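All remarks here apply to the structure that follows.
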Amino acid sequence: MECMLVRSDGYMTAWMLYQLCGDEEAAKVFVGDDAEILHNSNWQDIQKND
């Protein structure tokens, strides 16, 4: 799958890779108790669905 984006957010790209391509490395950003997004101070007000 190849997409062309002029400007994208890293988490948006990771989400698409995870959801659309089943990318296990990208999934680590969102999945598990130690998900990267939970430790990112720019995303401090998010909640994770299990």
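Every number here is computed from the coordinates shown, using simple stated rules; none is lab data. None of these values were measured; they are calculated from a predicted model. Cβ placement follows ideal geometry from the backbone for every residue including glycine, while neighbour counts extend to all protein chains displayed.
The figures follow:
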quantity	calculated
Charge sum, other residues only, whose C-beta stays under 12 Å from residue 42's C-beta, Lys/Arg counted +1 and Asp/Glu -1	-3
Projected label distance in nm at residue 37 and residue 19, using a 7 Å step from Cα toward the beta-carbon	0.9 nm
